[in-house]
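Worksheet for the structure shown next.
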Amino acid sequence: MSEGICSHIQAITTVKHARRRECDECVKTGARWVHLRTCQECGATLCCDDSPNRHASAHARTSGHPVIASAEPGERWLYCYPDDAFAEY
Ligand SMILES: [Zn+2]
Ligand SMILES: [Zn+2]
Ligand SMILES: [Zn+2]
């Protein structure tokens, strides 16, 4: 991990990956998503802010879980909502 990242991201030692390549919330309603993000607190995989339902940021707001990882193949980065901090791993 590089310098200049927040304590939430620094606290992550093992990155959680998506259990399934789908948004946990969108599948319930048959909604579509653009990209997937995995919550690093509880492991929920949810859709990004380019998706109509923005489940990942809604989850961060309501649950207080700050950090997500991209669940897209080939992407290796973490993002912290409250600090707007970004880190590759
Ligand atoms: Zn943070
Ligand atoms: Zn979704
Ligand atoms: Zn969570």
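The values are calculated or read from the model by the stated rules, or taken from the named source; none is laboratory data. Bear in mind that the values here come from a model prediction, so they are computed numbers and not experimental data. Quick reminder, even Gly has a Cβ in these numbers, built from the backbone with ideal geometry, and neighbours come from all protein chains shown. Note: areas computed on protein heavy atoms with side chains; ligands, DNA, RNA excluded. Shrake-Rupley method; radii C 1.70, N 1.55, O 1.52, S 1.80 Å.
Of the residues making up the range 6-28, those that are surrounded by fewer than 16 Cβ atoms within 10 Å (Cβ to Cβ) and in contact (Cβ under 8 Å) with a residue 24 or more places away in the chain number 5.
The condition of being farther than 15 Å from Asp24 by Cβ, out of contact with any His (no Cβ under 8 Å at 6 or more places or on another chain) and part of a loop (DSSP other than H, G, I, E, B) holds for only one of Pro82, Pro73, that being Pro73. Criterion first (within 10 Å of the chain's Cα centre (by Cα) and within 16 Å of ligand 1 (Cβ to nearest atom)) does Cys80 satisfy it? Yes: the conditions hold for Cys80.
Taken over the range 17-41, the criterion of being within 16 Å of ligand 1 (Cβ to nearest atom) and in a loop (DSSP other than H, G, I, E, B) is satisfied by Gln40, Glu41. Assessment of the range 54-65 against the conditions (open to solvent by 10 Å² or more (accessible area, probe 1.4 Å), part of a loop (DSSP other than H, G, I, E, B), farther than 16 Å from Val27 by Cα and in contact with a strand residue (DSSP E or B) (Cβ under 8 Å, 6 or more places away or on another chain)) yields at least one matching residue.
Pairing each residue of the range 70-83 that is among the aromatic types (Phe, Trp, Tyr) with any residue that is part of a loop (DSSP other than H, G, I, E, B) and open to solvent by 40 Å² or more (accessible area, probe 1.4 Å), provided the two are 6+ apart or on different chains, yields C-beta distances under 8 Å for Trp77/Tyr89.
Among (1) touching an Asp or Glu at 6+ places or on another chain (Cβ under 7 Å); (2) away from ligand 2 (no atom under 12 Å from the Cβ), there is one condition Tyr81 misses while meeting the rest; what is its number? Tyr81 satisfies all of (1) touching an Asp or Glu at 6+ places or on another chain (Cβ under 7 Å); (2) away from ligand 2 (no atom under 12 Å from the Cβ) except (1).
Suppose the filter is assigned to a loop (DSSP other than H, G, I, E, B), of a type in the set (Val, Ile, Thr), over 12 Å from the mean Cα position of the chain (by Cα) and modelled with pLDDT under 95; does Ile5 pass it? For Ile5, the condition - assigned to a loop (DSSP other than H, G, I, E, B), of a type in the set (Val, Ile, Thr), over 12 Å from the mean Cα position of the chain (by Cα) and modelled with pLDDT under 95 - is met.
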